[in-house]
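Take a look at the structure set out below.
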Amino acid sequence: MGTERRGVRIADTFAEAFDMRAARVVITAATPAWARTAALSMTGFATSVIGCKVEAGIETELSPADTPDGRPGISVLLFGVNTEQLGKQLVDRIGQSVLTCATTACFDGLPSAPGRVAVGGLLRHFGDRLQSSKFLEGRRYWRIPVMDGEFLVEETFGVQDAIGGGNLLILGRDAEVALAAAEAAVDAMRQVRGLILPFPGGIVRAGSKVGAERYQHMTASTNDPYCPTVRGRHDVTTALPEGVNAVLEIVVDGLDRAAIEQGLRVGIDAACRPGVVEITAGNYGGRLGRHQFRLHGLLDV
Amino acid sequence: MITLTLVEQPAVPLEAEVVRPDVVAGLSAEAIRALPVFLGRRQRRLDDFFRVEGDGGDEIEVRGDAGRVKWIGRGMTRGRIVVRGNAGMHLGAHMAGGAIEVLGDASDWVGAEMSGGLIRVQGSVGGQAGAAYRGSASGMRDGTILIGGSAGLEVGMRMKRGTIVVAGRVRDFAGLQMKGGTLVLGGGAELRTGAWMLRGTIISLHPIPLLPTFAYACRYVPTFVRLYARHLQALGFGLPADEADGAYRRYTGDSSVPGRGEILVWSPRGD
């Protein structure tokens with residue numbers, strides 16, 4: 001049972017998502033290009049908490065008027081399974097990817113979040129007791145001497161509750177159609193503040209299911225019901241409607257439910273293009289997470 | 001709002017630490033008139049010197065030349081005081097919050113040992129603004145002092161945190177034994193700036209004579225200065241932070257202590 005939008009069937013199902021913890025990092029630099037370089041490095045290899053311990057991505061570019069130091073900036077969101085793990089990832093990734101990147105500085109983007117984790121307060125040790133700090137308007141900033149001057153990083157970063165794992169599955173007539181639709185959805189979803197699409201280019205082709213049927217040691221394995229090449233095998237129960245030859249997924253993590261809803265809403269709308277057979281979502285019957293995003297509800301069907 | 005108009009100029013300095021929102025808030029006009037002040041060793045009533053109008057609130061306006069009225073806003077934690085004239089010694093000393101605005105000049109010890117809030121003096125001030133009292137370990141611990149004119153000796157002495165901005169020139173020993181915080185000198189300084197400085201930052205927008213115990217480090221625009229530039233811009237004070245305009249020459253010291261403080265001297269492009 002479903003409904004249609006511009007000829008594309010919208011499945012009557014829900015995307016299942018789970019609780020996460022999130023931080024927002026504001027990176028500034030002498031130029032937008034250097035801020036982006038640091039952000040890309042920091043958010044590399046951060047597609048899934050299963051394999052990467054964190055999910056991260058660029059939220060938006062910031063103009064000089066919107067950054068603490070009046071320089072061009074980038075806002076990055078990171079999502080972890082708990083505060084401790086997220087804090088460790090922040091220290092590691094800011095330490096290796098932002099501190100090392102020319103001209104950058106790094107600020108907390110969630111100053112009013114109730115939870116705090118030490119970041120600059122730990123990274124300052126890189127200064128070998130030559131570091132110093134400034135305390136302004138209730139926030140402490142560490143100045144770590146580096147070879148192009150100083151790296152400025154805030155002592156603590158805010159951590160708040162968040163939601164991870166929202167998703168869309170775009171079922172296309174062929175791979176070209178599915179990719180074009182997914183790209184259109186990504187472009188639309190990236191305009192929404194408060195969310196990231198952690199996979200490469202915002203799209204994941206290797207959707208997964210929990211565990212594995214045939215390997216006990218695997219915590220996740222390929223989402224075979226949506227893999228077209230194994231349709232028809234006796235040991236696979238396909239979920240693919242007739243005429244579907246490629247599926248791409250968009251995973252979304254957000255700071256709150258409203259951000260994910262808006263992201264999924266604009267994503268579905270943008271993906272409804274000729275050649276797309278159906279848009280659906282992944283869920284585990286409510287066993288994985290407590291957040292459900294009904295596709296029809298998003299579209300006011 | 002309560003208005004205090006000085007009607008009798010005290011022959012000697014008047015100690016009026018009751019002139020603060022924490023004390024007058026919630027009091028009737030009659031109760032405010034009866035508040036104690038000290039003229040030398042004699043206790044007097046507030047209305048022996050001031051005409052009191054309005055009921056107690058979080059805002060106090062002082063009218064007249066209160067240059068001999070000490071301790072206005074002492075230890076205040078909230079509210080606002082406007083002095084339409086001059087203010088006497090110890091204005092806002094020990095204050096922890098709220099704001100004080102003086103449209104004229106203020107005397108010595110403005111914001112001494114304050115721990116929060118904002119003091120803005122449009123004119124000039126005496127010595128020891130934001131400083132530690134004699135025998136005390138630390139001066140100002142947080143908050144902001146903005147001085148539109150010049151300042152006297154030992155501005156920011158032993159200050160630990162917070163920001164002091166003096167648009168005009170300061171006299172000797174600015175930042176003496178400074179332990180932290182930021183002191184901005186818009187009009188330069190006389191002698192021995194930063195003497196025995198342990199930590200903290202002195203920013204001078206004009207060349208100043210430096211002690212030989214400060215060593216030149218480099219020329220750059222620190223990123224933290226950009227934060228202060230933005231913070232002070234909102235308070236009406238411009239701090240240069242654009243490489244296109246110049247850079248700061250950084251000196252570290254005072255090595256005679258030895259200290260880990262810094263003096264940043266603005267150097268316009270082309271100098």
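The values are calculated or read from the model by the stated rules, or taken from the named source; none is laboratory data. Here the structure is a predicted model, which is why all the values come from computation and not from measurement. Cβ sites come from the backbone with ideal geometry, for glycine too, and all protein chains shown count toward neighbours.
Quick rundown of the values:
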item	result
Residue within region A:110-125 that is within 14 Å of chain B (Cβ to nearest Cβ) and touching a His at 6+ places or on another chain (Cβ under 8 Å) present	no
Leading residue by the ranking (nearest to B:Met89 (Cα to Cα)) among those in region B:12-29 that are of a type in the set (Gly, Ala, Ser) and touching a strand residue (DSSP E or B) at 6+ places or on another chain (Cβ under 8 Å)	B:Ala16
Qualifying residue in region A:76-92 (condition: exposed (fewer than 15 other Cβ atoms within 10 Å of the Cβ) and within 14 Å of chain B (Cβ to nearest Cβ))	no
Region A:1-35, subset in contact (Cβ under 8 Å) with a residue 40 or more places away in the chain and part of a helix (DSSP H, G or I), residue farthest from A:Glu155 (Cα to Cα)	A:Pro32
Residue identified as buried (at least 18 other Cβ atoms within 10 Å of the Cβ), more than 18 Å from A:Ile203 (Cα to Cα) and touching a strand residue (DSSP E or B) at 6+ places or on another chain (Cβ under 9 Å) among A:Leu264, A:Leu248, A:Leu255	A:Leu255
Residue satisfying all of: in region A:279-292; in a strand (DSSP E or B) and out of contact with any helix residue (DSSP H, G or I) (no Cβ under 6 Å at 6 or more places or on another chain); farthest from A:Gly164 (Cα to Cα) among these	A:Thr280
Hits in region B:41-68 (condition: surrounded by fewer than 17 Cβ atoms within 10 Å (Cβ to Cβ) and small (Gly, Ala, Ser))	B:Gly54, B:Gly57
Pairs with Cβ under 7 Å, 6+ apart, first in region A:161-179 and in the same structural domain as A:Glu84 (by TED's automatic domain parsing) and at positive phi, second surrounded by fewer than 23 Cβ atoms within 10 Å (Cβ to Cβ) and assigned to a helix (DSSP H, G or I)	none
Any strands (runs of 3 or more DSSP E) falling wholly within region B:167-271 and containing at least 1 residues that are within 20 Å of B:Gly152 (Cβ to Cβ) and not hydrophobic (A, V, I, L, M, F, W, C)	B:182-185, B:201-204
Qualifying residue in region B:153-164 (condition: surrounded by 19 or more Cβ atoms within 10 Å (Cβ to Cβ), of a type outside the set (Phe, Trp, Tyr), free of Cβ contacts under 8 Å to residues at least 60 places away in the same chain and out of contact with any Gly (no Cβ under 7 Å at 6 or more places or on another chain))	no
Count of region B:181-195 residues which are more than 17 Å from B:Tyr228 (Cα to Cα) and either buried (at least 21 other Cβ atoms within 10 Å of the Cβ) or within 13 Å of chain A (Cβ to nearest Cβ) (or both)	4
When residues of region B:208-245 are limited to those that are β-branched (Val, Ile, Thr) and touching a residue at least 12 places away in the same chain (Cβ under 8 Å), the one farthest from B:Ser267 (Cα to Cα)	B:Thr213
Breaking point among (1) under 23 Å from the mean Cα position of the chain (by Cα); (2) in a strand (DSSP E or B); (3) surrounded by 24 or more Cβ atoms within 10 Å (Cβ to Cβ), for A:Arg143	(1)
Count of region B:30-40 residues which are in contact with a strand residue (DSSP E or B) (Cβ under 8 Å, 6 or more places away or on another chain) and exposed (fewer than 15 other Cβ atoms within 10 Å of the Cβ)	2
Within region A:187-224, considering residues that are aliphatic (A, V, I, L, M) and out of contact with any Leu (no Cβ under 9 Å at 6 or more places or on another chain), the one surrounded by the most Cβ atoms within 10 Å (Cβ to Cβ)	A:Leu197
Residue tally, condition out of contact with any helix residue (DSSP H, G or I) (no Cβ under 8 Å at 6 or more places or on another chain), surrounded by 20 or more Cβ atoms within 10 Å (Cβ to Cβ) and closer than 20 Å to B:Gly139 by Cβ, over region B:95-107	6
Test: residue in region A:160-182 that is within 28 Å of A:Arg71 (Cβ to Cβ) and modelled with pLDDT of 95 or more	yes
Number of positions in region A:36-68 that are β-branched (Val, Ile, Thr), buried (at least 16 other Cβ atoms within 10 Å of the Cβ) and either not in a loop (DSSP other than H, G, I, E, B) or not assigned by TED's automatic domain parsing to the domain that holds A:Ala105 (or both)	4
Top-ranked residue of region A:34-73 - restricted to ones that are among the β-branched types (Val, Ile, Thr) and over 18 Å from A:Leu110 (Cβ atoms), ranked as farthest from the other protein chains (Cβ to nearest Cβ)	A:Ile50
Boolean, B:Thr252 is over 24 Å from A:Cys106 (Cα atoms), within 13 Å of another protein chain (Cβ to nearest Cβ) and among the polar types (S, T, N, Q)	yes
Among residues of region B:217-244, those that are within 8 Å of another protein chain (Cβ to nearest Cβ), within 14 Å of B:Leu205 (Cβ to Cβ) and surrounded by fewer than 17 Cβ atoms within 10 Å (Cβ to Cβ), counted	0
First in region A:274-294 and in contact (Cβ under 8 Å) with a residue 12 or more places away in the chain and of a type in the set (S, T, N, Q), second anywhere and exposed (fewer than 15 other Cβ atoms within 10 Å of the Cβ) and assigned to a loop (DSSP other than H, G, I, E, B), Cβ under 7 Å, 6 or more apart	A:Gln292/A:Gly286
Filter result for A:Gly232 (crowded, with 19+ Cβ neighbours inside 10 Å and assigned to a loop (DSSP other than H, G, I, E, B))	no
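Conditions (1) of a type outside the set (D, E, K, R); (2) in contact with an Asp or Glu (Cβ under 8 Å, 6 or more places away or on another chain); (3) within 14 Å of chain A (Cβ to nearest Cβ), marked per residue:
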position	(1), (2), (3)
B:Asp108	no, no, no
B:Ala112	yes, no, no
B:Gly139	yes, yes, no
B:Leu146	yes, no, no
B:Met157	yes, no, no
B:Thr163	yes, no, yes
B:Val166	yes, no, no
B:Arg169	no, yes, no
B:Ala174	yes, yes, no
